[in-house]
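Encoded as structure tokens, the structure appears first; notes follow it.
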Amino acid sequence: MKHVAALSVGLFAVWLLWSGYWENTFLVVLGALSCIVTVILALRMNLVDAEGVPVEIALRLLRYAPWLVWQVFLANLHVARRILDRKLPIHPAVIRVKPGQKRDLGRVIYANSITLTPGTVSIDIDENEITVHALTRETASDLRSGAMDRRVTWLEGSG
């Protein structure tokens, strides 16, 4: 029930923010009805569960997102230095990292976090490993250190 409520409130909040219709009651009612129909369809398709609507990670995400934004910023600087200074080496490598997450959602968040960080791209993902293309040895080493993996495991709630 909490997943249905979270999805309903979340959809309606997004609808209100993106539509900009706050004062026209008729349009707000239509927006609410469209959100209700969407939730009913999601229920019929069995999409409303802990994976589809992960309310458990919402508060932890507020702490993880700023850290990820900072890592993206630092990685941007690292890649920009490699582009601007021809003397700095680029040693592309394909590496495999072991995800510490227990659920698919956690592994997907981890793989997407890797891809969002400039200089690394997740190529393949399965239960036991994520295959990553890293631009330099430093970025590969950073991934192997496990800092991002530990943070995503904490975000998922399994660590």
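Inspect all residues belonging to segment 27-40 and state whether any of them is among the aliphatic types (A, V, I, L, M), under 22 Å from GLU56 (Cα atoms) and without any contact (Cβ under 8 Å) to a residue 24 or more places away in the chain. Yes, that holds for at least one residue. Put simply, of ASP104, ASP49 the only residue that is in the same structural domain as GLU129 (by TED's automatic domain parsing), free of Cβ contacts under 8 Å to residues at least 60 places away in the same chain and of a type in the set (Asp, Glu) is ASP104. A single member of ARG82, ARG86, ARG107, ARG137 is closer than 18 Å to PRO54 by Cβ and of a type in the set (D, E, K, R), and it is ARG107. Looking across VAL39, VAL79, VAL72, VAL94, one residue alone is of a type in the set (Val, Ile, Thr) and not assigned by TED's automatic domain parsing to the domain that holds ARG144. It is VAL39. Where in segment 1-106 are there helices (runs of 4 or more DSSP H), lying fully within it, with 1 or more residues that are at pLDDT below 85 and exposed (fewer than 15 other Cβ atoms within 10 Å of the Cβ)? In segment 1-106, 2-19, 58-84 are the helices (runs of 4 or more DSSP H) which contain 1 or more residues that are at pLDDT below 85 and exposed (fewer than 15 other Cβ atoms within 10 Å of the Cβ).
Residues in segment 119-146 that are in a loop (DSSP other than H, G, I, E, B), touching a strand residue (DSSP E or B) at 6+ places or on another chain (Cβ under 7 Å) and acidic (Asp, Glu): 1 in all.
The values are calculated or read from the model by the stated rules, or taken from the named source; none is laboratory data. Keep in mind it's a predicted model, so treat the numbers as computed, not measured. Every residue, glycine among them, receives a Cβ derived from its backbone with ideal geometry; neighbour counts consider all protein chains shown.
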